[in-house]
Amino acid sequence: MGFPVEPVAMVAKVVIIPVILMTSVPLWVWVERRGSAFIQDRLGPNRASICGFTFFGLLHMVADAIKAFTKESFVPSQAHRFYYLIAPGVALVSALMAFAVIPISDDLMVGTHRIPMSIAQVDGGLVYVFAMASLGVLGIILAGWAAGSKYPLLGALRTAGQMLSYEVSLGLAALGAFLAFGTLDPNEIVRAQGGTLAGVVPLWGILVQPLGFILFLVAGFAECNRLPFDLPEGESELVAGYHTEYSGMKFAMFYMSEYIAMITFASLVVTLFFGGWQVPWVSTIRMVSVIGPLSAMVVQIGAFAVKVAFFVWLFIWVRWTLPRFRYDQLMRLGWMVILPLSLANIAVTAFVMALVG
Amino acid sequence: MDWKARIYLWEICRGLATTMKHLVHNLLHRREMPTISYPEEKRPISIRLRAQHRLLPRPDGKPRCVACFLCATACPAQCITIEAGEATDRSIEKVPTRFDIDLLRCVFCGLCVEACPCDAIRMDTGIYDICKQDRASFVLDRERLLKTAAMPNTIDGPLPKTLPGIKTMGGGFDRHGRQ
């Protein structure tokens, strides 16, 4: 009996990855608020300060967190108390759980132990991601219904319609990638993206599935309820959408789940189409032989983080660029454009794979 | 719509380029941002701004006002309360023993300044951030009105059209007051 490497690694992963996910949310809120301000020629939040230091407005996020934690836990009298209270939890947990199977670096070799760098290794891992992501809509419907108020209910209904419609396209768009890689295991998919095309272009999934990538991205925007598809919210007609009746930490949990869903979706895009933790042009074996396994892992996590950060930034960037879709336009785009295109993508991919393989 | 506009993607990319251009430009040129960080940075005000009132003094420190009631009559908000008394100086006849302006009633129209035959009341103090804790202190009495100074850089006497050394809007200055 030596040092229990695997249980320790397991616990470390279970603790560290969700904590990093959740603590990165205030940071992304900061990026969103300051970034949107600079896009719109404003200064953005820069007032909160400690001893005159504002840290580029980062303290606003601390202030927001303190405010959320110390607010009264208020339940409207007409609300269905039990469901009202668990709805934010359902939304947050489903957003967090989806991240569990995404590998953040190649397997780490500690002596003879091989430690996979994702929390869970599920057979057909990416199907699990979609299962968890679709649970997110449950939290929203629950919130809208349990609040016992008409605006949250309308917002939740719209969300349900939107998310169910785009989930079909999301799954179908990813199916093309699954066909091309021939596996559902995210780690295998990332490993398959290690090579280069003619030694120059990294052989990432986007080269194999360019249309699949675009469809997946568009459907993902709708799944995360982000602009241009942020119909669940809708200040003009729905007050605030499904979380109208929520305040304090319960509201903050919805907010966090939105951002975590964004991060999870960004990691999914990176895993499927942008080589996951792959550092371009350098294989894991070569990196380990040069700088050792631990530093190689850090570099790979860094590469993964940079790619994910870009896509989360893309979410924010698009939000402050595009106006929102009307509900019928959203449905038409989802069912009459994205869905047929993703079906065609699957058909073509399957045909080509049958010819090649 | 041609096919390029129809598939959205090209136009979306152009839109993204526009927003990124603004972001990068603003990151690199923070000082050119149109935002004015208000309490620290104040916008230059016109010398013609109708701000809080003041009563102009004679050389001996007493108000120029002769309690003719023209301002109180002209005032559409009826915020001026004057009580006249007899002057010790025979050449003046009347002086205000009481001259109150209720700033909560005042609509800052400037008609009192227009009406005054003696140039005794002006709104050139430049005080526009009038914040107080209770209603009573919004009523300015004779002494407060006399003590309030004119906007810095203005001179006593009739208001000239332009004054040297005063930053006003549109005189080659940007909205931060920088030349």
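A compact table of results
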{"read-out": "Output for the stretch B:59-115, where each listed residue is surrounded by fewer than 13 Cβ atoms within 10 Å (Cβ to Cβ), charged (D, E, K, R) and closer than 25 Å to residue B:138 by Cβ", "value": "B:83, B:98, B:114"}
{"read-out": "Helices (runs of 4 or more DSSP H) contained in the stretch A:225-315 and holding at least 3 residues within 20 Å of residue A:187 (Cβ to Cβ) and out of contact with any Gly (no Cβ under 8 Å at 6 or more places or on another chain)", "value": "A:248-273, A:284-291"}
{"read-out": "Residue match in the stretch B:78-91 (condition: of a type in the set (Val, Ile, Thr) and within 20 Å of residue B:47 (Cβ to Cβ))", "value": "no"}
{"read-out": "Yes/no for residue B:118 being out of contact with any strand residue (DSSP E or B) (no Cβ under 7 Å at 6 or more places or on another chain), hydrophobic (A, V, I, L, M, F, W, C) and modelled with pLDDT under 90", "value": "yes"}
{"read-out": "Residue, nearest to the chain's Cα centre (by Cα), within the stretch A:316-332, restricted to residues that are assigned to a helix (DSSP H, G or I) and in contact (Cβ under 8 Å) with a residue 12 or more places away in the chain", "value": "A:316"}
{"read-out": "Flag if residue A:248 is more than 14 Å from chain B (Cβ to nearest Cβ) and either out of contact with any Ser or Thr (no Cβ under 9 Å at 6 or more places or on another chain) or without any contact (Cβ under 8 Å) to a residue 60 or more places away in the chain (or both)", "value": "no"}
{"read-out": "For residue B:179: the one exception among (1) at pLDDT 90 or above; (2) assigned to a loop (DSSP other than H, G, I, E, B); (3) not basic (Lys, Arg)", "value": "(1)"}
{"read-out": "Residues located in the stretch B:12-29, provided they are surrounded by 12 or more Cβ atoms within 10 Å (Cβ to Cβ) and small (Gly, Ala, Ser)", "value": "B:15"}
{"read-out": "Residue match in the stretch A:141-148 (condition: surrounded by 24 or more Cβ atoms within 10 Å (Cβ to Cβ), assigned to a loop (DSSP other than H, G, I, E, B) and either at pLDDT 85 or above or among the hydrophobic types (A, V, I, L, M, F, W, C) (or both))", "value": "yes"}
{"read-out": "Some residue of the stretch A:121-129 being more than 30 Å from residue A:252 (Cβ to Cβ) and surrounded by 20 or more Cβ atoms within 10 Å (Cβ to Cβ)", "value": "no"}
{"read-out": "Top-ranked residue of the stretch A:289-329 - restricted to ones that are of a type in the set (S, T, N, Q) and over 18 Å from residue A:222 (Cβ atoms), ranked as nearest to the other protein chains (Cβ to nearest Cβ)", "value": "A:300"}
{"read-out": "Sole exception among (1) away from chain B (no Cβ under 14 Å); (2) of a type in the set (A, V, I, L, M, F, W, C); (3) within 18 Å of residue A:162 (Cα to Cα); (4) crowded, with 21+ Cβ neighbours inside 10 Å for residue A:215, by number", "value": "(1)"}
{"read-out": "Tally of residues being in a loop (DSSP other than H, G, I, E, B), under 18 Å from residue A:107 (Cβ atoms) and not charged (D, E, K, R) across the stretch A:174-207", "value": "5"}
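The values are calculated or read from the model by the stated rules, or taken from the named source; none is laboratory data. For clarity, every value in this text was computed on a predicted model and none was experimentally measured. Methodologically, a virtual Cβ is constructed for each residue, glycine included, from the backbone with ideal geometry; neighbour enumeration extends over all protein chains shown.
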